[in-house]
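Participant: Pasting in a structure now, in structure tokens, and then I'll have a few things to ask.
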Amino acid sequence: MKDSYDLLVRGGTVVPMVRDREWFRGDVLVRDGRIAAVTRGPAADIEAERVVDAGHGLVLPGFVQGHVHVVQSLLRHRADGLELLDWLKKRTWPYEASLDGDDVEAAAELGIAELLCGGTTTALDFGTTHDHGRVFEAAERLGIRLLSGKTHMDLGDGCPAALVEDLDSSLAQAEELGTRWHGAAGGRLRYAVAPRFALSCTRPMLEGCAALARDNGWLLQSHASENAGEVEEVRHLTGLGNIEYLHSAGLTGEDVVLAHGVHLGAEERSLLAGTGTRICHCPGANLKLASGIADLPALLAAGVPVALGADGPPCNNRLSVFHEMALAGTLHNLRHGPRAIDPWTVLAMATREGARALGLGKEVGVLEVGYCADLTVLDASAWAMQPDGDPAARIVFGATAGDVRHAVVGGRPVVENRELLTADAAAITDKVQKATRAVEARMEECLA
Ligand SMILES: [Zn+2]
């Protein structure tokens, strides 16, 4: 009798990422949403309810991004030419203040569709202050694995009043959202508490966020040391370095993911490494906002766990893990020479190490029996992927989001032959156009 499976991903070159520099021709078999077997050569004597063709393809763990803002998607291409603090005050905060629930949903659908069609199956996402349930609803429908949280901000220098929150109700909203959504959709959705950054939060707010996360076993995420002006301002207000200040308020540890870490000294890197705090490297956004270049080789050498992320659509302007991989694999050569970062290290940051950084190291990030069946199939016949050879070099230096052929989350194909299966792409586009017009009109009022 033949063994039966729910899904067979057939005929590709498998890059399991369990260890670096390993790849082979084979099949991936899925049962009950988990990887049931990874074969070398074609699987024999099996039957599968559904078959996904990976011929001429590279089969990888679904990509993991450690920092995105899908709610900002409608502001894409509308916030260019600014540094961080002006980008927030003049564009991003007025935009977030202008969103209603339907706009949040349209933005989330756009961002999530882009992530899935670009092979990112897991993301740690940052919301705005309000209507955050709509992001989880979109994630539930579209099928992505999402860790997400509403943002917290109770300090308002240059911020529209509509975004400045009362501490108690802000924390109560997060608790309600986390209670509703953490573990939903069969564990695919998780809550991650999200104080925006040191300058947006009072110390009691930061401490309250840390306590809320720890009381519930939820991840904590924030932004840190992205911009030189930000770091200077934190020192002016608190008398401490930014990481030292966050540490004093409880925002370091193995359950904390801090985006950026561009402006860090050696002592701060040691503090991050010693506390197990994760950094999400966002080179695309750091270049676009002229923030600087995070010293990735120094972070890795210090032992800081690092993930990769695109950050927000208005500061990148894409949510492509391939763009971030290409930058992470090349940018650091300027400071450290042409072998600064090995492409396998970059590919691991976008899969295995990214998953570990998000606390999902036993769930996703590798193709191994027992792990969630989250995988991405790339078209290896794309021009820039030829000729064949070391897959990490081909992917990091040659691939783009357009090369993603299929994406599977928890054993469920969500993208097949470049088509999003979980939503009507034309309907999303239509919704996005309408919502963008409405938000633009409200932003004009907000800025008047
Ligand atoms: Zn961000």
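The values are calculated or read from the model by the stated rules, or taken from the named source; none is laboratory data. Being a predicted model, the structure only gives us computed values, none of them experimental. Every residue, glycine as well, gets a Cβ built from its backbone with ideal geometry; the counts of neighbours run over all protein chains shown.
Participant: Where in the stretch 258-352 are the helices (runs of 4 or more DSSP H), entirely inside, with at least 1 residues that are more than 16 Å from the ligand (Cβ to nearest atom) and polar (S, T, N, Q)?
Facilitator: Working: elements: 266-275, 283-288, 296-302, 321-330, 333-336, 343-349.
So the answer is 266-275, 321-330, 333-336, 343-349.
Participant: Starting from the stretch 310-325, keep only residues that are closer than 18 Å to Glu83 by Cα, then list their pairs with residues that are near the ligand (Cβ under 10 Å from one of its atoms) and hydroxyl-bearing (Ser, Thr, Tyr) whose Cβ atoms are within a distance under 9 Å, requiring at least 6 positions of separation or different chains.
Facilitator: As it stands, the answer is Gly312/Thr92; Pro314/Thr92; Cys315/Thr92, since those pairs meet every condition given.
Participant: Next up: Need pairs with beta-carbon distance below 6 Å; first residue within 14 Å of Ala393 (Cα to Cα) and within the stretch 331-343, second surrounded by 14 or more Cβ atoms within 10 Å (Cβ to Cβ) and hydrophobic (A, V, I, L, M, F, W, C); sequence gap 6+ or separate chains.
Facilitator: Pro343/Ala392; Pro343/Ala393; Pro343/Val396
Participant: Another question, if that's okay. Kindly evaluate Val104 against the criterion of being under 20 Å from Cys372 (Cβ atoms) and among the aliphatic types (A, V, I, L, M). Steps first, please.
Facilitator: Working: under 20 Å from Cys372 (Cβ atoms): no; among the aliphatic types (A, V, I, L, M): yes.
No, not satisfied.
Participant: Now for a different question. How many residues are out of contact with any Asp or Glu (no Cβ under 7 Å at 6 or more places or on another chain) and either within 15 Å of the ligand (Cβ to nearest atom) or in a loop (DSSP other than H, G, I, E, B) (or both) if we restrict to the stretch 200-223?
Facilitator: 6
Participant: May I ask you to list pairs of residues, at least six apart or on different chains, whose Cβ atoms are under 7 Å apart, with the first in the stretch 392-403 being at pLDDT 95 or above and the second being among the aromatic types (Phe, Trp, Tyr) and part of a helix (DSSP H, G or I)?
Facilitator: Ala392/Trp344; Ala399/Phe322; Thr400/Phe322; Ala401/Phe322
Participant: Run down Gly111, Gly101, Gly118, Gly127 and say which single residue is assigned by TED's automatic domain parsing to the domain that holds Ala285 and surrounded by fewer than 24 Cβ atoms within 10 Å (Cβ to Cβ). Spell out the reasoning first.
Facilitator: Working: Gly111 fails: surrounded by fewer than 24 Cβ atoms within 10 Å (Cβ to Cβ); Gly118 fails: surrounded by fewer than 24 Cβ atoms within 10 Å (Cβ to Cβ); Gly127 fails: surrounded by fewer than 24 Cβ atoms within 10 Å (Cβ to Cβ).
So the residue among Gly111, Gly101, Gly118, Gly127 that is assigned by TED's automatic domain parsing to the domain that holds Ala285 and surrounded by fewer than 24 Cβ atoms within 10 Å (Cβ to Cβ) is Gly101.
Participant: If you go through the stretch 74-92, how many residues are touching a helix residue (DSSP H, G or I) at 6+ places or on another chain (Cβ under 7 Å), over 14 Å from Gly284 (Cβ atoms) and more than 13 Å from the ligand (Cβ to nearest atom)?
Facilitator: The total comes to 5.
Participant: Within the stretch 243-253, track down each residue that is in contact (Cβ under 8 Å) with a residue 40 or more places away in the chain, on the phi < 0 side of the Ramachandran plot and away from the ligand (no atom under 16 Å from the Cβ). Step through it out loud before you land on a result.
Facilitator: Keep residues of the stretch 243-253 that are in contact (Cβ under 8 Å) with a residue 40 or more places away in the chain, which gives 245-246, 249-251.
Checking which are on the phi < 0 side of the Ramachandran plot leaves us with 245-246, 249, 251.
Across the stretch 243-253, the qualifying residues are Tyr245, Ala249.
Participant: Kindly indicate whether any position in the stretch 16-39 is outside any strand (DSSP E or B), closer than 26 Å to Ala307 by Cα and free of Cβ contacts under 8 Å to residues at least 12 places away in the same chain. Before the answer, list the steps.
Facilitator: Here is the first cut: in the stretch 16-39, the ones outside any strand (DSSP E or B) are 16-23, 32-33.
Right, trim to closer than 26 Å to Ala307 by Cα and you get 16-23, 33.
Still in the running and free of Cβ contacts under 8 Å to residues at least 12 places away in the same chain: 19, 22.
Yes, because at least one residue in the stretch 16-39 is outside any strand (DSSP E or B), closer than 26 Å to Ala307 by Cα and free of Cβ contacts under 8 Å to residues at least 12 places away in the same chain.
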